[in-house]
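To start, the structure itself, in structure tokens.
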Amino acid sequence: MKTALVTGSSRGIGRAVAIRLAQDGYFVLVHGSHDSNKLDETKSVIEKHGGKAETITADLRDIKQTEKLAEKADSLDVLVLNASLQYRTPWREISTDACYEQLNCNFVSSLLLIQTAVSNMREKRWGRIITIGSVQEAKPHPDMLVYSASKAAQTNMMRSLALQLAPDGITVNNVAPGVIYTDRNVDALADPVYAKKVTDSIPAGFYGLPEDLAGIISLLCSEEGRYITGQSIYVDGGKSIQ
């Protein structure tokens, strides 16, 4: 049985991806920043449907905790880098601490986990690495400068690594969601005026669900996805091209 780690999988997109990979037959490491009911719930849902999972915690804002998590990533077949932070702040008011927290979580942690995971993948000559980006790589939000910049940096890292790791049987891709209805934005989208403004900016006319990401990630992690690498795939209802 292959092993997959999905960071930030206690809720939202990460949870949907963890559940789908478990259905695909992976043993899934369900990750959260700390022990929580939501983390346990994801594991319970997986097990209820016959899958296998284990919970694991690390606050990816903290490099030392990330390094400890990386030590446990040396036997992975699949790495899905979903965890992220986004702070809404006008760019002139961004603090150094807020900048470092987002960069550590959204970019540095991805690098550290990949560095460890690749050794096992190379030995097996098989591996799948998926970074979760954002439509903000193409349409940056004016009050999320560090978030959008960190996602763009992660995607550029993905492209570089895809070239370097392809000869080892390892694919590296980015999946960039648009507006997805998760607990991160449920309060904002509860405002009908704001919700209409958001949907009006999406050619498809509606925002997505976490499960809309799970299918493409399942494909990229499968044998059917073996010839796809170095790609950034937007799942955004067309928002990135409008």
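The values are calculated or read from the model by the stated rules, or taken from the named source; none is laboratory data. Just so it is clear, the model here is predicted, and its values are computed rather than measured. Here Cβ is always computed from backbone atoms with ideal geometry, including for glycine, and neighbour counts include all displayed protein chains.
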**Prompt:** For the range 139-157, how many residues are assigned to a loop (DSSP other than H, G, I, E, B) and surrounded by fewer than 17 Cβ atoms within 10 Å (Cβ to Cβ)?
**Reply:** 5
**Request:** Read through the list (1) of a type in the set (Gly, Ala, Ser); (2) more than 21 Å from ALA176 (Cα to Cα); (3) touching a residue at least 40 places away in the same chain (Cβ under 8 Å), then give the number of the only condition that GLY25 fails.
**Result:** (3)
**Asked** Considering GLN136, GLN102, which residue is crowded, with 20+ Cβ neighbours inside 10 Å and without any contact (Cβ under 8 Å) to a residue 24 or more places away in the chain?
**Response** GLN136
**Request:** Under 7 Å between Cβ atoms, at least 6 apart or on separate chains: pull out the pairs that start in the range 225-242 with a residue that is more than 30 Å from GLY169 (Cα to Cα) and end on any residue that is surrounded by fewer than 18 Cβ atoms within 10 Å (Cβ to Cβ) and among the aromatic types (Phe, Trp, Tyr).
**Result:** GLY237/PHE206
**Request:** Would you mind listing the helices (runs of 4 or more DSSP H) fully within the range 1-97 where at least 2 residues are modelled with pLDDT under 95?
**Result:** 63-71
**Prompt:** Which residue, of ILE216, ILE228, is closer than 15 Å to ALA16 by Cβ and either part of a loop (DSSP other than H, G, I, E, B) or under 15 Å from the mean Cα position of the chain (by Cα) (or both)?
**Reply:** ILE216
**Prompt:** Taking only pairs six or more apart or across chains, which ones have beta-carbon atoms under 7 Å, a first residue in the range 59-82 that is free of Cβ contacts under 8 Å to residues at least 24 places away in the same chain, and a second residue that is aliphatic (A, V, I, L, M)?
**Reply:** GLN65/ALA58; LYS68/ALA58
